[in-house]
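Report on one structure; see the data block that follows.
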Amino acid sequence: MSTATAVPSTPPVRLYSPRLRAMTVGSVALVSLLAFEALAVGTAMPTVARSLDGLSLYALAFGGPFASGVVAMVVSGIWCDARGPRASMWHGVAWFVAGLVVAGAAPTMGVLVVGRVVQGFGSGLLSVALYVIVGQAYPEELRRKVFAAFAAAWVVPSLVGPALAGLIVEHLGWRWVFLAVPLVAVPAVLLIQPGLRALGAADRVRPAAGALARIGWACGAGASAALLHYGGQQRGALAVGLVGAALVGLLVCVPRLLPAGFLRAARGLPTVIGLRGLASAAFAGAEVVIPLMLSRERHFSPTAAGLVLTVGALAWSVGSWIQGRLATPRSAATLPRAGLACVATGTAGVTLALLPGVPVAAAVLAWAVAGLGMGLLYPSLSVLTLALSAPDEQGRNSSALQLGDSLAAATVLALTGAVLAAGAAPGPAQYALTLAVAAGCALVGVLLAGRVVLRPAATA
């Protein structure tokens, strides 16, 4: 009579288990660096423009890297699907660091813009490669937690980035805002290297048909995005003409970079990407209005108005933490719908600040609700994108997700700027209109959220 031998159970894989610890720490560190760079440069750029006598190129210093990042996202998606994420990751770091060094050492504003464009290209390569790494290195049950960690990685830069950048500018000089980041970026990617090596070398396959055409359309979309950014900072007929031309360019180019059925919200991936764009547009459109509205209508200091945005960033992190610890919902639509409902409610609630009899705390609480919603839906949409992607399409679809996000936010920001600049000075009507548009974007997302679920295949 034999006795069964007990087989020791395999311990569950965790985010910081020995096999994944270095990969997780390195990835989160890179996301934090990308966040710090994005926030710190905005703080330092006025000083940079004065120092280099380059105010005429100020808008291009922001629009240029945005445009190159759009192109890089498409390139990185194609590259990751054909070769795996390793090469895209290393090239991304190299371009990112090279751009920062060029910008930090720039003798003129023109050279600084070139550095910013190179840096933006590196950021685009990195952002897509990181998503593909999550899809290949982490089991499905950990992906929501990984993306929650990515969201949390934005919190510290959001809290201290602008203030730290200001201190660096005052005491060390603006060049160190650019030159300090590479000192941490290289060690961060070295932490990821063992994990990348463990993934194994990807089979070298030819890029998918139409890859070159996609890069061409990406160049058109990037140029249109840069023009949109520049036009949104102009005034009068010039602004209308530039923004109009940019929107036409985006309408022609962008649908060719996103999944078929995107414009009609086809079920599955097209709707997932559409929801990400709607959420980003809603949150960014409200976020740009809040400091101006509170300073002009409620006489907040710049610091106090900025703290309101910090509340939203912290709530975003809390929402990400919550969704990473919830049991998997029965429906894939649950978290996106709940998140978008919070964003719609929160952005609409911010308009309470326009009513003199209502305490500002009500608007601050509303913005926290919006941030909570973003934390619930952003990681869940990222996980859905990977779940709906074949292994050889994770790069392309991650690229599409981030493209839709970035371009939707840029479009709404440009239109918001045009509305706020329509009169001699923005007033309650303009603030209410822009916040209503933001809330409307999120509400459309609530109505479409059920379409992230594919219909069951018909049985014979």
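The table below gives the values:
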| quantity | calculated |
| --- | --- |
| Cα-based helix-to-principal-axis angle, 109-137 vs the chain, degrees rounded to 10 | 30 |
| Among Ala94, Val308, Pro255 the positive-end extreme of the charge dipole of the chain (Cβ point charges) | Pro255 |
| Angle between the chain longest axis and helix 334-349 axis [Cα atoms, degrees, rounded to 10] | 10 |
| Burial order of peptide ranges 236-249, 266-279 (average beta-carbon count within 10 Å, highest first) | 266-279, 236-249 |
| Accessible surface of the chain, 1.4 Å probe, proportion on carbon and sulfur as whole % | 69 |
| Computed accessible area, Asp392, all protein chains, 1.4 angstrom probe, square angstrom | 100 |
| 19 Å reach of a label modelled at Arg325, 7 Å along Cα-to-Cβ, counting backbone N of segment 142-160 | 142-156 |
| Per residue accessible area of the chain, 1.4 Å probe, in Å² | 44 |
| Farthest toward positive dipole pole in the chain [+1 Lys/Arg, -1 Asp/Glu at C-beta], among His171, Gly104, Phe283 | Phe283 |
| Contact order relative to length of the chain, as percent, for alpha carbon pairs under 8 angstrom and 6 or more apart | 21 |
| Acute angle (nearest 10 degrees) that the helix 21-51 long axis makes with the longest principal axis of the chain, alpha-carbon atoms | 10 |
| Pair Val25, Leu454: separation of 7 Å Cα→Cβ label points (nm) | 3.9 |
| Neighbourhood net charge (14 Å Cβ-Cβ; Lys/Arg +1, Asp/Glu -1) for Leu386 | 0 |
| Selection of trypsin sites (Lys or Arg not before Pro), segment 11-107, meeting DSSP coil and at most 16 other Cβ within 10 Å | Arg14, Arg19 |
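The values are calculated or read from the model by the stated rules, or taken from the named source; none is laboratory data. All of these numbers come straight from a predicted model, not from anything done at the bench. Note that we place each Cβ from the backbone using ideal geometry, even for glycine, and neighbour counts take in every protein chain shown. Surface areas here come from the heavy atoms of the whole protein model, side chains and all, with no ligands, DNA or RNA. Shrake-Rupley method; radii C 1.70, N 1.55, O 1.52, S 1.80 Å.
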